[in-house]
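The values are calculated or read from the model by the stated rules, or taken from the named source; none is laboratory data. Bear in mind that the values here come from a model prediction, so they are computed numbers and not experimental data. Counting neighbours? That spans all protein chains shown, and the Cβs are built from the backbone with ideal geometry, glycine included.
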Amino acid sequence: MRILLVEDETKTGEYLKQGLTEAGYTTDWVKDGLAGHHHALSEDYDLVILDVMLPEISGWQVLAAIRRAGKSMPVLFLTARDQVEDRVKGLELGADDYLVKPFAFAELLARVRTLLRRGRSREPELLQVADLELDVLRRRALRGGRRIDLTAKEFALLELLMRRQGEVLPRSLIASQVWDMNFDSDTNVVEVAIKRLRTKVDTNVDAKLINTVRGMGYVLEAPTDDSALS
């Protein structure tokens, strides 16, 4: 489970990162709104813990951007703003929970676990892009009704691409999500896996779904006439 922590107070951030890490969660900590905005939209997180009053841009703006981008991961506001209107604003913007500082870490951890369970239950288990279908529960992939045999890593790669369809995923993100490894520019594991997956998904069909965006990464989406992908 990956958590993004956006907190500008150093003491609080260190305390939370240590506590969440010891609880078994991979936690990325950033200290301003712009960094939080970038990480939330470019990385794949299971939960965001977000302060309201942040340098650069506010937590309100970060949350609004997350929801506009169509990302449904749970967001927990953790802030000293304790007015009823602040809580209402946060919830109306799409926050899933709101905890006021000072707080007990045990309560925060309980809320985190609840939100993570809720977030997993909201994820669709049947994914579809054009005539490509992926049944996550049955571990089955179909293209035009034809069964596709995938290895465990190929299935994980395809699931990542389909859950984030239309989004260009850099090699570093794919490596961390599928292989749980830091990206090394000297390794071609991602390129090899993409090539094998393309062979299974896009061979003998007119519409190619897995595409390379030069210098950026890979994207899975239904093709359009004005696509600049290759």
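Exactly one residue among Ala65, Ala69, Ala80 is under 16 Å from the mean Cα position of the chain (by Cα), modelled with pLDDT under 90 and among the small types (Gly, Ala, Ser), and that residue is Ala69.
In region 132-154, is there at least one residue being in contact (Cβ under 8 Å) with a residue 24 or more places away in the chain, over 15 Å from Val6 (Cβ atoms) and surrounded by fewer than 13 Cβ atoms within 10 Å (Cβ to Cβ)? Among the residues of region 132-154, at least one is in contact (Cβ under 8 Å) with a residue 24 or more places away in the chain, over 15 Å from Val6 (Cβ atoms) and surrounded by fewer than 13 Cβ atoms within 10 Å (Cβ to Cβ), which makes the answer yes. Contact map, region 204-224: residues that are in contact (Cβ under 8 Å) with a residue 60 or more places away in the chain paired with residues that are of a type in the set (A, V, I, L, M) and in a strand (DSSP E or B), Cβ distance under 8 Å, separation 6+ or inter-chain. Pairs shown: Leu209/Val129; Leu209/Leu132; Leu209/Leu220; Leu220/Val129; Leu220/Ile210; Glu221/Val129; Ala222/Val129. Annotation note: of Thr12, Thr21, Thr27, the sole residue that is hydroxyl-bearing (Ser, Thr, Tyr), in contact (Cβ under 8 Å) with a residue 12 or more places away in the chain and in a helix (DSSP H, G or I) is Thr12. Restricting Leu54, Leu91 to residues that are free of Cβ contacts under 8 Å to residues at least 24 places away in the same chain, out of contact with any strand residue (DSSP E or B) (no Cβ under 6 Å at 6 or more places or on another chain) and assigned by TED's automatic domain parsing to the domain that holds Gln18 narrows the list to Leu91. Quick check on my filter: what residues within region 203-219 are closer than 16 Å to Ala175 by Cα and buried (at least 17 other Cβ atoms within 10 Å of the Cβ)? Result: Gly217, Tyr218, Val219.
Taken over region 36-59, the criterion of being in a helix (DSSP H, G or I) and surrounded by fewer than 19 Cβ atoms within 10 Å (Cβ to Cβ) is satisfied by His38, His39, Leu41, Ser42. Taken over region 65-78, the criterion of being over 20 Å from Ile3 (Cβ atoms) and either part of a strand (DSSP E or B) or hydrophobic (A, V, I, L, M, F, W, C) (or both) is satisfied by no residue. In the condition set (1) exposed (fewer than 14 other Cβ atoms within 10 Å of the Cβ); (2) touching an Asp or Glu at 6+ places or on another chain (Cβ under 9 Å), Glu92 is compliant with all but (2).
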